[in-house]
Amino acid sequence: MTIDFKAEREYGGLTIRWDPLRRPRAFDLLLSCNGEDWHSGFSTAQGVGNETHLYLPGTVSRFVRLDLQESMSGNGFGIVSIEVQPHGFSRSLNDFFSAIARRGADGLYPKYLLGRQTYWTPVGTGEDVTQALFNEEGMVEVDKGAFSIEPLLYADARLITWADVTLTQTLEQGYLPIPSSRWQAGDLTLTTTAFATGASGASTLFIRYRLHNHSQEARAVRLFAALRPFQVTPTWQNWRQFGGVSPISELAYDAGRVWVNGDKQIIPLTTPAGFGAVTFAQGAITEYLQTGELPPLDCVDDAFGYASGALRFDLELAALGAQDIYLAIPFGRVDRRAGREPSASGEEQFSRAVRQWQDTLGLFDIRLPPAAAGAIATMKTAAAHILIQREGPALHPGPRRLPGESRDRGRSTAMRTS
């Protein structure tokens, strides 16, 4: 299929909406200014989602050709529409994903891609030189400038996202730097908590998902821990490699572990029901999770570099019952041949993190009138954040900044707590 603009045109990309029953498994996008000399703009042989968004920054051509090579259904090809996107569509990768996010329903992408503020807080041991970030919606950026893991629920035949719930946030015991985000969705609550333990150079991030059924009847609920190529740091705090998107070129599920980009390990301490992954061309992982199912592949390589995936946990919650799910993510890069295993259960690691921070913040005492109890808690939390964000004796103005860098856009944003 060839499109002739009748003259050379500058544009930023294309959005192809496919007939769901006639999608191609393989196709090439070819571009030309004269109809004789063609060059490749995009190629895939792994299938496509309902929509294909093509990132074509600063492209100029007269002709656009789609070479459709293989039908997924064996029933030919069907295109519902092709949209030619303006230059701003691909001004940057952050602009590109923001444009995609605005096309879908709220909750399918991070809030900041919709231009809406979300607050966040750092998570770490106070002893290591790295830390995670945790936002109001329970999304966790697992290391500096890394991908994120976010929770999604499937119950009553629908996908429940941050946009469908009532959100509240807390800190453990009101002041320890162990944050939680609580989703209230009818008679279900999901509380996501992040904490870290371990010595410098060998610390591990943990995420606990606690599902509680407040009804008088048993409930079947499906929890997804989605791996997304997005940081918690929002796009308007973009600086160097921080803020907005974060590449995921490879996802692989092997021996009960998820490997990201070959050197980042996710260890489900609770056995999952499955794992599925998709390339960017195959669609966002949320496109598949809306049906309550995982995509069929458990290993993908994405040439574009923005794959996504999800772990699935099938839960049978008793009446008024609760269940915990734990993930462990070692900080830093991990040798795939060796891996790194937690030394204790999720419950034990949580207790260890609480004790460590109680001991650390108990080394000093602040005495004020009872009415100032909140101020004391705030000062202790701030001291903990200084320790988490430091690098040895050097203090940082934020978890993604170096000493001496004090520009306003570099300051960390404190997550509101109650």
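The values are calculated or read from the model by the stated rules, or taken from the named source; none is laboratory data. Just so we're clear, the structure is a prediction, and the values are computed from it rather than from any experiment. Using ideal geometry, Cβ is built from the backbone for each residue, glycine included, and neighbour counts are taken over all protein chains shown. Side chains included, ligands, DNA and RNA excluded: accessible areas come from the protein's heavy atoms. Shrake-Rupley method; radii C 1.70, N 1.55, O 1.52, S 1.80 Å.
Could you figure out which of (1) open to solvent by 50 Å² or more (accessible area, probe 1.4 Å); (2) assigned to a loop (DSSP other than H, G, I, E, B); (3) under 27 Å from Pro24 (Cα atoms) isn't true of Ala281?
Unmet for Ala281, out of (1) open to solvent by 50 Å² or more (accessible area, probe 1.4 Å); (2) assigned to a loop (DSSP other than H, G, I, E, B); (3) under 27 Å from Pro24 (Cα atoms): (1).
Only one of these is touching a Pro at 6+ places or on another chain (Cβ under 6 Å) and either modelled with pLDDT of 95 or more or open to solvent by less than 10 Å² (accessible area, probe 1.4 Å) (or both): Ile178, Ile266, Ile248, Ile160. Name it.
The match here is Ile248.
Residues of the range 19-59 being farther than 22 Å from Phe5 by Cβ, part of a loop (DSSP other than H, G, I, E, B) and open to solvent by 20 Å² or more (accessible area, probe 1.4 Å), which ones?
Listed by number, the residues that qualify are Asp19, Pro20, Leu21, Arg22, Arg23, Ala45, Gln46, Asn50.
Among the numbered criteria (1) touching a Pro at 6+ places or on another chain (Cβ under 9 Å); (2) over 20 Å from Tyr109 (Cα atoms), which single criterion is violated by Gln216?
Answer for Gln216: the failing condition is (1).
Can you list the strands (runs of 3 or more DSSP E) found entirely within the range 82-191 that contain at least 3 residues being among the polar types (S, T, N, Q)?
166-171, 179-185
Across the range 201-222, which residue is surrounded by the fewest Cβ atoms within 10 Å (Cβ to Cβ) among those that are in a loop (DSSP other than H, G, I, E, B) and either at positive phi or in contact with a strand residue (DSSP E or B) (Cβ under 6 Å, 6 or more places away or on another chain) (or both)?
Among residues in the range 201-222 that are in a loop (DSSP other than H, G, I, E, B) and either at positive phi or in contact with a strand residue (DSSP E or B) (Cβ under 6 Å, 6 or more places away or on another chain) (or both), the one surrounded by the fewest Cβ atoms within 10 Å (Cβ to Cβ) is Gly201.
Check off (1) at pLDDT below 90; (2) of a type outside the set (Ser, Thr, Tyr); (3) outside any loop (DSSP other than H, G, I, E, B) for Ile388 and give me the number that stays unchecked.
(1)
Any chance the range 352-365 includes a residue that's assigned to a strand (DSSP E or B), modelled with pLDDT of 95 or more and open to solvent by 50 Å² or more (accessible area, probe 1.4 Å)?
Within the range 352-365, not a single residue is assigned to a strand (DSSP E or B), modelled with pLDDT of 95 or more and open to solvent by 50 Å² or more (accessible area, probe 1.4 Å).
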